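The values are calculated or read from the model by the stated rules, or taken from the named source; none is laboratory data. Everything quoted here is computed from the prediction, not taken from an experiment. Reconstructed Cβ throughout: ideal geometry from the backbone, glycine too, with neighbour counts over all protein chains shown. The accessibility values were calculated without ligands, DNA or RNA, using every heavy atom of the protein model including side chains. Shrake-Rupley method; radii C 1.70, N 1.55, O 1.52, S 1.80 Å.
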Amino acid sequence: MDKIIVKGGHPLQGEVVVSGAKNAALPILASALLADGKSVYRNVPDLADVVTMLKVLETMGCGTARLTGRQKDMCEVAIEGPITPEAPYDLVKTMRASVLVLGPLVARFGRARVSMPGGCAIGARPIDQHLKGLKALGADITLTEGYVEARAKQLKGATVNFDVITVTGTENVMMAAVLARGRTVLENCAREPEVEELARVLNKMGARIQGAGTSVITIDGVESLKPVDHAILPDRIEAGTLMVAAAITGGNVLVKHAQPEHLESVILKLRETGCTITAEEKGLRVKAPKVVNSVDVKTTEHPGFPTDMQAQLMGLMTVASGTSVISESIFENRFMHVPELHRMGADITIQGHTAVVKGVKKLSGAPVMATDLRASASLVLAGLRAEGKTEVARIYHLDRGYERLERKLRKLGADIRRVKA
Ligand code: EPZ
């Protein structure tokens, strides 16, 4: 098992390229199930979670290929033979987003058997809203032996009002509705850029979706879809993480391909900390302030401040010039990075879903343990600032969502490397 070793104190300088978005690639790869033939995806990030989604598709009988060399960010998914509409527990337990095959399978093949995802480090994360939506479209849903069994000869359009705003729930039901008979109206939808991107791909395949990116999405079902060739949009959370890396090290970095329109809440918050952020032709430039201001933040659904940036911003607030209050409103257990930041000398008090962070003069390097994807990123960021050496263990969490982060940071001047533990 690898770990990352960081020696802090080096202001990051230069340019870095953002990879394709994990949280767009996963539903888009699942959507390949909706059409016969070969779909081609470009700018697909080289992540453990992408490998898992390809395995889930292969297990069903899809042909998948990850190209190499100059085209190493390309993937092909081919539906050219019989499909066994089943996602096994062994794969789903490693990546809950595998549940995104449920909607496409029941819509396209009339049945699906998908393992229930189970709990997760950051929260219970039920899928009741996914099932509520599919039931409204006429699917017959049963839960047996830890599996969701969904059956429907033909899904029918309906109105679905989500009780909670759910990203993958919106995506799953949207993918089912594109082949349903008649019109579906989804209300209280997630407005994340990744939902919009999935709708863009489905419309390129021949679907008729309107309103993606707003809280009401209308889908007029069609008979069939065709395969697609699509380049995945840049990862706004990776971009945000790299922007915080520049801020926490006192650096000056151009984050190439970062899209300002997807990062408004993050840009505004970092400007409040004193960063100078300018949109340049190739991306976003971040110049760190001499002294980082402490800021308060509450995570909410898009376009609010993303929960997937909470841990990284907390890392920055540990060395800010005052006290900040960070409230996590999306997941009930997303402060697992706090005890590890304590080990580096951070002053953080948790009260329920709120963390009070008193900025300290300096952090000191220490051996720490990653507990989930974004927590691991915040520990690497704190290590870039800390005096001495930080060793981050269990970085398989990091590899789920960041494509060789240590190489990108090293290119910007960080003293960071990956070692076999
Ligand atoms: C997506 O997860 C992202 N994952 C998460 O990113 C992200 O944190 C999350 O959206 C919120 O932005 C992918 O896109 C693959 P939700 P998702 O359903 O869809 C509750 C990362 O770090 N809920 O929007 O699973 C749920 O418990 C990951 O890249 C229900 O109660 O999140 C949570 O409290 C982590 N019932 C809230 O809604 C449901 O049926 C939002 O969850 C579904 C969700």
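If amide H atoms are built 1.01 Å from N in the plane of the peptide, which residues on other chains or at least 5 residues away come under 5 Å of the amide H of VAL160?
Here VAL185, LEU186, GLU187 satisfy the definition.
So which residue, out of ARG285, ARG236, ARG410, gets the largest mean-square fluctuation from a GNM of the chain using Cα contacts under 10 Å as springs?
Of the options given, ARG410 has the highest mean-square fluctuation.
About the Cα centre, and with charges only on the beta carbon of Lys, Arg (+1) and Asp, Glu (-1), how big is the dipole of the range 1-98? Nearest 20 debye, please.
340 debye
Rounded, prolate or oblate: which fits the range 46-197 when a ≥ b ≥ c are the square roots of the eigenvalues of the alpha-carbon gyration tensor, with rounded for a/c under 1.5 and prolate only if a/b beats b/c?
Rounded, because the longest to shortest axis ratio a/c is under 1.5.
Can you work out ³J(HN,Hα) from phi for every residue in the range 137-151, in order, using Karplus 6.51 cos²θ - 1.76 cosθ + 1.60 and θ = phi - 60°, giving whole Hz and x for Gly and Pro?
Karplus-based 3J(HN,Hα) across the range 137-151 equals 7, x, 6, 8, 10, 10, 10, 9, 6, x, 10, 8, 10, 10, 9 Hz.
Determine which lysines satisfy two conditions relative to LYS358: a Cα distance under 29 Å, and not lying fewer than 8 residues away in the same chain.
Cross-link targets: LYS3, LYS7, LYS269, LYS287, LYS290, LYS298, LYS389.
Stokes-Einstein D for the chain at 20 °C, 1.002 mPa s, Kirkwood Rh over Cα pairs, in µm²/s?
98 µm²/s
Please calculate the 1.4 Å probe accessible area of GLU280, with all protein chains present, and give it to the nearest 10 Å².
It works out to around 80 Å².
Counting only C-alpha contacts under 8 Å and six or more residues apart, can you give the relative contact order of the range 246-326 as a whole percent?
31 percent
Might you tell me the accessible area per residue for the chain, computed with a 1.4 Å probe and given in Å²?
39 Å²
In a Gaussian network model over the chain where Cα atoms closer than 10 Å are linked, find which of ALA24, ALA65, ALA393 has the largest mean-square fluctuation.
ALA65
Post the alpha-carbon centroid distance, the range 114-159 to the range 80-97, in whole angstrom.
Centre-to-centre (Cα) distance: 14 Å.
Considering only C-alpha atoms, what is the centroid distance from the range 367-421 to the range 162-232, in Å?
35 Å
Step through the residues of the range 364-370 one at a time and calculate ³J(HN,Hα) from phi using the Karplus curve (6.51 cos²θ - 1.76 cosθ + 1.60, θ = phi - 60°), rounding each to whole Hz and writing x for Gly and Pro.
Along the range 364-370, the couplings run 10, x, 7, x, 9, 10, 6 Hz.
Name the long-range amide H neighbours of LYS298: under 5 Å, sequence gap of 5 or more, or other chain; modelled H, no Pro or chain starts.
So LYS298 has HN proximity to SER327.
With charges only on Cβ, +1 for K and R and -1 for D and E, what is the dipole size of the chain about its Cα centre, in debye, rounded to 20?
Here the size comes out at about 840 debye.
Any idea what angle helix 167-177 forms with the longest principal axis of the chain, computed on alpha-carbon atoms, 0 to 90 degrees, nearest 10?
Between the helix axis and the principal axis of the chain, the angle is about 20 degrees.
Would you grab the residues whose amide H sits under 5 Å from the one on GLY110? Only those 5+ places off in sequence or on another chain, please, with H modelled 1.01 Å from N.
Distant-sequence amide H within range of GLY110: zero hits.
Could you tell me which of rounded, prolate or oblate describes the range 39-101, using a ≥ b ≥ c as the square roots of the eigenvalues of the alpha-carbon gyration tensor, with rounded for a/c under 1.5 and, failing that, prolate when a/b is larger than b/c and oblate otherwise?
oblate
With a ≥ b ≥ c taken as the square roots of the eigenvalues of the C-alpha gyration tensor of the range 262-421, please select rounded if a/c is under 1.5 and otherwise prolate if a/b is larger than b/c or oblate if it is not?
Rounded shape, in that the Cα axes give a/c under 1.5.
Once phi is turned into ³J(HN,Hα) by the Karplus curve 6.51 cos²θ - 1.76 cosθ + 1.60 with θ = phi - 60°, what whole-Hz value does each residue of the range 231-244 show in order, with x for glycine and proline?
Residue by residue, the range 231-244 yields 9, 6, 5, x, 7, 5, 6, 5, 4, x, 4, 5, 5, 5 Hz.
Return the lysines within reach of LYS55: Cα separation strictly under 21 angstrom, same-chain partners fewer than 8 residues apart disregarded; answer none if there are no such residues.
LYS22, LYS38, LYS72, LYS93
Please name which of THR323, ILE219, VAL106 has its Cα lying farthest along the dipole of the chain towards the positive end, using unit charges on Cβ (Lys, Arg +1; Asp, Glu -1) and the Cα centre as origin.
The residue sitting farthest along the positive end of the dipole is THR323.
Can you compute the helix-only [θ] at 222 nm over the chain? Use -39500 (n - 2.57) per DSSP H run of at least 4 residues, normalise by all residues, nearest 500 deg cm²/dmol.
Computed mean residue ellipticity for the chain: -8500 deg cm²/dmol.
Charges only on Cβ, +1 for Lys and Arg, -1 for Asp and Glu: so what's the dipole of the range 132-182 about the Cα centre, in debye to the nearest 20?
300 debye
Heavy atoms only, probe 1.4 Å: what % of the accessible area of the chain goes to carbon and sulfur, would you let me know?
Using a 1.4 Å probe with all protein chains present, the chain comes out at 50 percent carbon and sulfur.
What relative contact order, as a whole-number percentage, does the chain give when Cα pairs under 8 Å and 6 or more residues apart are counted?
21 percent
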